[in-house]
Amino acid sequence: MAPNKKRKATLKSSPYFDVKKEEGIKIKLEENLSLDQQEDKGVPDLLDYDLKVLFVGINPGLTSGAKGHHYAGPTNHFWPCLSESGLVDRKLIYSDDTNLPSLYRLGFTNLTARTTRKASDLSLGEQKDGIPVLDTKIETLRPRVACFVGKGIYEIYSNKKCKVMGLQDQVIPWLTGEGETVIFVMPSTSGIVTAYLKPDKIKFFQELNKVANEQDLKYPLT
């Protein structure tokens, strides 16, 4: 009797777990499909004159495009790192981005405006097409620092290898002739970039704060 009961229990439980597994896969697929099918709101530039830092991303991902905010992906480290950088005085989330130019003189733009699932879905030519537009924004709006969020995007922009991240030798003169924007390069804040853990990324944000404050002393607001 005991062996038969055990065999029956196994037979009853196995299909149950198979169904649960299949349902889990189905839900995951539905989540991915729903993200692809959501309306792409686009992610607008958030700019102003004399920003302390202008963050330059490569292009919006699907989550950012669906929500209409910068660095909105749930695994992106941007907002936790910014919250501990010294550039702001409170914890921030992606929906706070619209207020940052006025509150903290922090702005946002992307080299390419088109939303894609992966940055690799962009052609090199498409990305390079955004360089003159980005230069005009920087030359005109006079941010103290242009921070490229990702070494790869800076290498596309500068057309050279970035040997050391952080403050670069390259500067961008302002159209007014009264100063220049320095360039800072940090690792991508994407959660899938594992070469740098979040504590290491926070250190780059804190160094960015130091550079931005030095630039503010050099070119104070009038």
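The numbers here are math on the coordinates, done by the rules we state, and not lab data. All values derive from a computational prediction rather than experimental measurement. Note that we place each Cβ from the backbone using ideal geometry, even for glycine, and neighbour counts take in every protein chain shown.
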Return, for the Cα atoms of segment 51-111, the radius of gyration and Dmax in Å, separated by a comma.
10.9, 29
If Rh is defined by the Kirkwood formula over all Cα pairs and Rg also comes from Cα, what ratio Rg/Rh do you get for segment 164-222?
1.07
At R0 = 35 Å, how high is the FRET efficiency between I172 and D200 if r is their beta carbon distance? Nearest 0.05 is fine.
0.85
Span from the segment 169-195 Cα centroid across to the segment 51-79 one, whole angstrom
16 Å
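Quick one: length gained pulling R117 to D40 fully straight, 0.36 nm per residue minus the C-alpha distance?
Taking R117 through D40 to full extension adds about 26.6 nm, to one decimal.
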As a Kirkwood estimate from alpha-carbon pairs, segment 61-192 has a hydrodynamic radius in angstrom of 15.8 Å
